[in-house]
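See structure below.
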Amino acid sequence: MDDSLLASSAPRVATRAQGGVMMEKLIVRLKDEIRKNKIRNLLILFALFLICCLLALDSVVILSHWIHFGSKPGRVTVDTPGFLTIVETIPDEVELTTAIQTWEAWVELIDSAVTNLDIACFYMTLHNTTERPGQANGEAVFQALLRALDRGVVVRVAASMPNGPSYEIDYNLLRNAGAEVVYVDFHNLYNGVLHTKFIIADHERAYLGSANMDWRSLQQVKELGVIVYSPTLAKDLGTIHEIYWETGVRNATATLKHLDTRMSLETPGSLNLNHTTSDVFLTVSPPPMVSTHRTGDADAMVATILDAKKTVCINVMDYAPVISGFGSAPNVYWPVIEDAIRRVSALQTGAYPTVGVRLMVSFWNNTNPIVFEAAATLAMYQNIEVRMFHIPDLKEPLPFPTDHTRVNHAKYMVTDRKAVVTTSNWEANYFIDTAGVSLVTDNPELRAGLQAVFDRDWDSEFAYTVPEVMEKFVVGGWTVDFANMTYPNSNNYRTH
């Protein structure tokens with residue numbers, strides 16, 4: 001090659017070489033920027049991915065909440081066999097028979113507990129003391145509770161606020177043995193009491209009924225309840241216990257959103273009970289404790305009455321369509337349940353004749369005149385029969401006070417289609433400001449069993465018509481001013 005050409009081309013070669021180096025540097029820089037941007041973009045994409053995941057998870061939670069607790073919760077269906085068994089307390093010297101006594105069922109239920117016992121009660125007076133010696137049935141239940149604590153069972157008692165130190169004896173003894181006890185101040189919160197009575201063992205088995213945790217209810221008071229062998233029902237009842245527990249701990253109404261149910265009047269559970277597929281659900285009172293999909297007690301009673309086609313049989317200690325005004329406050333007429341009773345007894349339902357209603361209330365030393373008058377008023381209606389159940393005093397009185405005994409304290413209803421076992425008397429305040437629980441089902445075996453109990457008592461020597469009670473037990477009669485809805489002895493109300 002010509003040297004002049006080489007000489008003239010040398011600057012160009014040098015320039016190209018410098019340009020190549022610069023290009024390489026530029027490429028490296030671009031690659032570095034791309035790598036940095038890629039990392040940044042990946043970080044941005046990862047952050048967006050996390051946000052999407054969280055949004056998706058929240059959507060799943062919301063959807064799950066809608067499925068289980070939304071406007072139309074899915075129906076609970078359980079094929080695993082469960083059982084409902086009636087248990088009763090038949091007082092001493094009352095010649096009636098029953099298959100299983102309450103105290104025996106309670107001891108068996110408590111002794112079966114492996115992990116936990118959740119109890120809700122109005123009050124507890126089971127343990128023998130110098131003031132109430134020798135009541136073996138109550139002491140047997142109390143000893144069963146102590147045995148449960150000894151074997152490590154977690155015992156939690158949600159109780160109505162005690163009415164004085166004498167009502168804390170049993171609670172303090174259980175606390176000392178390791179139990180947890182929470183008082184629920186229903187009087188302060190709702191002007192009522194926690195009147196519920198149930199026991200839950202291991203979230204699988206339970207008792208629900210009229211019997212208080214009291215020696216009287218196990219020996220000297222007529223009671224009725226049901227033993228539930230069903231984890232589904234026991235857990236639903238446990239949700240109600242959690243509402244009481246949280247209310248007691250907070251001294252304010254529990255947050256009900258996370259304590260809802262999937263079984264109600266509109267969507268009852270479909271459970272295999274006593275070898276039969278049965279509709280069933282639990283109801284509660286008062287209204288502040290009725291969660292979104294739980295049915296209230298009053299609504300369930302009215303619906304059960306109006307659902308009947310042939311017969312309605314009701315057994316309660318007290319019946320009065322009245323909101324009690326304590327002290328100087330006036331009473332207020334509350335016709336919710338009475339209207340349903342009168343309506344169903346007056347209407348013809350298709351091919352059936354008019355529905356026949358039988359109401360049995362208690363007559364005892366603490367019967368309020370307004371209960372007597374309300375029963376007598378209903379008895380005047382066609383197709384409604386009323387009797388009053390009276391248990392005589394013991395032939396030989398016990399050597400210590402036995403107030404609030406010798407009474408039919410059972411609370412249930414049975415129709416030709418449904419059965420209800422409840423903890424509440426049928427006076428308005430029990431539905432408005434007092435805690436109660438009811439089991440509602442169409443299970444034919446339970447319905448037949450309750451009908452047999454009702455017929456046995458209705459036809460017994462202890463059941464009297466209203467005129468017979470007036471003639472045999474009431475001297476001079478009672479008068480109640482229904483215009484002003486006032487009555488004496490208001491302190492006798494809600495004592496049982």
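Within region 277-290, is there a residue that is in contact with a strand residue (DSSP E or B) (Cβ under 7 Å, 6 or more places away or on another chain), part of a strand (DSSP E or B), of a type in the set (Gly, Ala, Ser) and farther than 27 Å from VAL184 by Cβ?
Within region 277-290 (the criterion being in contact with a strand residue (DSSP E or B) (Cβ under 7 Å, 6 or more places away or on another chain), part of a strand (DSSP E or B), of a type in the set (Gly, Ala, Ser) and farther than 27 Å from VAL184 by Cβ), the answer is yes, since at least one residue qualifies.
Search region 345-368 for residues that are closer than 11 Å to ASP318 by Cα and pair each with any residue that is surrounded by fewer than 20 Cβ atoms within 10 Å (Cβ to Cβ) and at pLDDT below 75 when their beta-carbon atoms are under 7 Å apart and the residues are at least 6 apart or on different chains.
ASN366/ASN492; ASN366/THR495; ASN368/ASN489; ASN368/ASN492
For region 209-261, what are the residues that are surrounded by fewer than 19 Cβ atoms within 10 Å (Cβ to Cβ) and among the β-branched types (Val, Ile, Thr)?
Residues satisfying the conditions are THR239, VAL249, THR253, THR255.
Can you tell me how many residues within region 247-264 are at pLDDT 85 or above and either hydrophobic (A, V, I, L, M, F, W, C) or part of a loop (DSSP other than H, G, I, E, B) (or both)?
10
Go through region 301-325 and give me each residue that's in a helix (DSSP H, G or I) and either more than 19 Å from SER285 (Cα to Cα) or touching a Cys at 6+ places or on another chain (Cβ under 9 Å) (or both).
Hits for region 301-325 are LEU306, ASP307.
Taking region 429-467 on its own, how many of its residues are surrounded by fewer than 23 Cβ atoms within 10 Å (Cβ to Cβ), in contact with a strand residue (DSSP E or B) (Cβ under 7 Å, 6 or more places away or on another chain), in a helix (DSSP H, G or I) and not charged (D, E, K, R)?
8
Hey, does region 403-413 have a residue that's buried (at least 19 other Cβ atoms within 10 Å of the Cβ), at pLDDT below 95 and not in a loop (DSSP other than H, G, I, E, B)?
Checking region 403-413: not a single residue is buried (at least 19 other Cβ atoms within 10 Å of the Cβ), at pLDDT below 95 and not in a loop (DSSP other than H, G, I, E, B).
Taking interchain pairs and intrachain pairs at least six residues apart, which have beta carbon atoms under 8 angstrom, with the first residue in region 451-466 and polar (S, T, N, Q) and the second assigned to a loop (DSSP other than H, G, I, E, B)?
Close Cβ pairs satisfying both conditions: SER460/LEU96.
For residues that are assigned to a loop (DSSP other than H, G, I, E, B) and within 21 Å of the chain's Cα centre (by Cα), scanning just region 74-114, find the one that is surrounded by the most Cβ atoms within 10 Å (Cβ to Cβ).
Among residues in region 74-114 that are assigned to a loop (DSSP other than H, G, I, E, B) and within 21 Å of the chain's Cα centre (by Cα), the one surrounded by the most Cβ atoms within 10 Å (Cβ to Cβ) is ALA113.
In region 179-201, which residues are modelled with pLDDT of 95 or more and assigned to a loop (DSSP other than H, G, I, E, B)?
If the condition is that a residue be modelled with pLDDT of 95 or more and assigned to a loop (DSSP other than H, G, I, E, B), then ALA179, ASP185, VAL193, HIS195, THR196, LYS197 are the ones that fit.
Taking region 186-236, which residues are in contact with a strand residue (DSSP E or B) (Cβ under 7 Å, 6 or more places away or on another chain) and among the aromatic types (Phe, Trp, Tyr)?
PHE186, PHE198, TYR207, TRP215, TYR229
Return a yes/no flag: does region 205-225 have any residue that is at pLDDT 95 or above, in contact with a helix residue (DSSP H, G or I) (Cβ under 8 Å, 6 or more places away or on another chain), in a helix (DSSP H, G or I) and among the hydrophobic types (A, V, I, L, M, F, W, C).
Yes, there is a match, as at least one residue in region 205-225 is at pLDDT 95 or above, in contact with a helix residue (DSSP H, G or I) (Cβ under 8 Å, 6 or more places away or on another chain), in a helix (DSSP H, G or I) and among the hydrophobic types (A, V, I, L, M, F, W, C).
Condition first: without any contact (Cβ under 8 Å) to a residue 40 or more places away in the chain, over 18 Å from LEU84 (Cβ atoms), out of contact with any helix residue (DSSP H, G or I) (no Cβ under 6 Å at 6 or more places or on another chain) and of a type outside the set (Asp, Glu). Can you find one or more residues in region 243-251 that meet it?
Yes, region 243-251 contains at least one residue that is without any contact (Cβ under 8 Å) to a residue 40 or more places away in the chain, over 18 Å from LEU84 (Cβ atoms), out of contact with any helix residue (DSSP H, G or I) (no Cβ under 6 Å at 6 or more places or on another chain) and of a type outside the set (Asp, Glu).
State all residues of region 469-496 that are surrounded by 14 or more Cβ atoms within 10 Å (Cβ to Cβ), modelled with pLDDT of 50 or more and not in a loop (DSSP other than H, G, I, E, B); if no residue qualifies, say none.
Passing the criteria: VAL469, MET470.
For region 151-178: of the residues being in contact with a Leu (Cβ under 7 Å, 6 or more places away or on another chain) and assigned to a loop (DSSP other than H, G, I, E, B), which is surrounded by the most Cβ atoms within 10 Å (Cβ to Cβ)?
So the residue we want is VAL153.
As an exercise: evaluate HIS293 against (1) part of a loop (DSSP other than H, G, I, E, B); (2) out of contact with any Phe, Trp or Tyr (no Cβ under 7 Å at 6 or more places or on another chain) and give the number of the one condition it does not meet.
Here HIS293 clears every test but (2).
Find all pairs meeting these conditions: Cβ atoms under 9 angstrom apart; at least six residues apart or on different chains; first residue within region 154-165 and farther than 17 Å from VAL114 by Cα; second residue assigned to a strand (DSSP E or B) and among the acidic types (Asp, Glu).
From residues that are farther than 17 Å from VAL114 by Cα, the pairs are ALA158/ASP118.
Does ARG417 meet the test of being farther than 22 Å from ASP92 by Cβ, in a loop (DSSP other than H, G, I, E, B) and either modelled with pLDDT under 95 or not hydroxyl-bearing (Ser, Thr, Tyr) (or both)?
Criteria met by ARG417.
The values are calculated or read from the model by the stated rules, or taken from the named source; none is laboratory data. None of these values were measured; they are calculated from a predicted model. Please note: Cβ atoms are built from the backbone with ideal geometry, for glycine as well, and neighbour counts cover all protein chains shown.
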